[in-house]
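Data first, discussion second: the structure below is written as structure tokens.
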Amino acid sequence: MATSSSGLTLYGSQGSRSPLVNWGASEVGVSITMGNLQNNPHPFGQIPCLTDDDDVLVFESGAILQYVYSKAAETNGDSPARKATITSWISWANASLDPICFLETPEGKVYDTGLKKPNRRIETLDQILSKQEFLLDDKNGGFSLADVAVSSYLLYVPQFFQGVDLSRWPNVVRYMKQCAERKAYGDAFGPNVQDMLVSSLGGMMTSSKGGGGGEKDEKKKLFGMF
Ligand SMILES: N[C@@H](CCC(=O)N[C@@H](CS)C(=O)NCC(=O)O)C(=O)O
């Protein structure tokens with residue numbers, strides 16, 4: 001895919017939502033430079049935050065991903081229908097999936113994940129993924145930034161809540177593993193995170209009870225900003 005020329009600067013760090021932007025940008029061939037966090041211009045002081053040259057400031061990971069997508073879409077000729085589907089999934093990840101994956105206090109402190117219990121939205125996602133490999137089917141181009149947005153959030157759950165059993169959604173687990181195995185995912189999130197995820201999700205796929213792989217990785221606790 002063509003690389004767009006831009007002056008995109010990302011303010012972020014590992015263990016936060018910002019690597020999902022690096023992952024997405026890498027998948028669509030948009031280059032990003034990391035900025036000095038001391039100069040982070042996010043109005044609430046959070047990460048991620050993105051600037052483009054001197055005149056564009058974008059915050060909220062989903063808005064940033066959509067902005068990155070717009071830079072790529074300038075060169076990749078995506079149809080209006082494909083753009084609409086991808087941006088819908090990016091919004092869904094932020095507006096609907098994030099609050100399922102991360103249960104927060106009113107002050108924004110994450111205290112648990114909603115994926116420990118049955119969930120009808122994730123059940124529907126599982127049904128969608130039982131029929132196709134990725135959120136856009138092969139006819140519509142397969143893997144896309146829709147998958148970056150959705151799988152990033154899902155993949156944060158076994159990173160931050162080790163031992164959580166996701167095997168009640170086998171197609172979601174298969175999908176998460178496939179996304180985590182992508183080279184650009186490892187480049188953005190780091191090989192340790194990638195290896196831990198691939199191993200624990202593989203365990204969930206093969207364990208007769210389901211979810212055993214996550215428990216094995218309990219000791220490898222990762223820390224982040226959530
Ligand atoms: N909905 C926001 C959430 C941003 C957010 O909570 N970022 C965390 C790191 S992942 C953060 O900056 N936490 C520190 C704080 O809120 O002060 C997004 O998707 O960008």
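Here are the numbers for this structure:
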read-out: Mean residue ellipticity (222 nm) of the chain, computed from DSSP H runs ≥ 4 via -39,500 (n - 2.57), nearest 500; value: -14500 deg cm²/dmol
read-out: Protection-proxy order for peptides 56-66, 112-122, 137-147, each taking the mean of Cβ atoms within 10 Å per residue, highest first; value: 56-66, 137-147, 112-122
read-out: Whole-percent carbon and sulfur share, accessible surface of the chain, 1.4 Å; value: 50
read-out: Packing rank of 18-30, 75-87, where each peptide gets the mean count of other beta carbons within 10 Å, highest leading; value: 18-30, 75-87
read-out: Gyration tensor (alpha-carbon) shape descriptor, segment 80-216, a/c threshold 1.5; value: rounded
read-out: Relative contact order %, segment 105-169, counting alpha carbon pairs below 8 Å whose residues are six or more apart; value: 37
read-out: Cut-off 11 Å between beta-carbons: net charge of the residues surrounding E27, Lys and Arg +1, Asp and Glu -1; value: 0
read-out: Extended-chain gain in nm, criterion 0.36 nm per residue less alpha-carbon gap, T206 and D138; value: 21.8 nm
read-out: Accessible surface, the chain, averaged per residue in Å² (probe 1.4 Å); value: 48
read-out: Percentage relative contact order, the chain, counting C-alpha pairs under 8 Å, at least six apart; value: 19
read-out: Taking segment 4-76 and dividing mean pair separation by its residue count, relative contact order in percent (alpha carbons under 8 Å, at least six apart); value: 38
read-out: Student exercise, the chain dipole from Lys, Arg, Asp, Glu Cβ charges, in Debye to nearest 20; value: 800
read-out: Inter-label distance, nm, simple model (7 Å from Cα along the C-beta direction), E181/V110; value: 2.5
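The values are calculated or read from the model by the stated rules, or taken from the named source; none is laboratory data. Not measured: the values here are computed from a predicted model. When we count neighbours, we look across all protein chains shown, and the Cβ atoms used for this are built from the backbone with ideal geometry, even at glycine. Ligands, DNA and RNA are stripped out before the accessible areas are found, and what is left, the full protein with its side chains, is counted by its heavy atoms. Shrake-Rupley method; radii C 1.70, N 1.55, O 1.52, S 1.80 Å.
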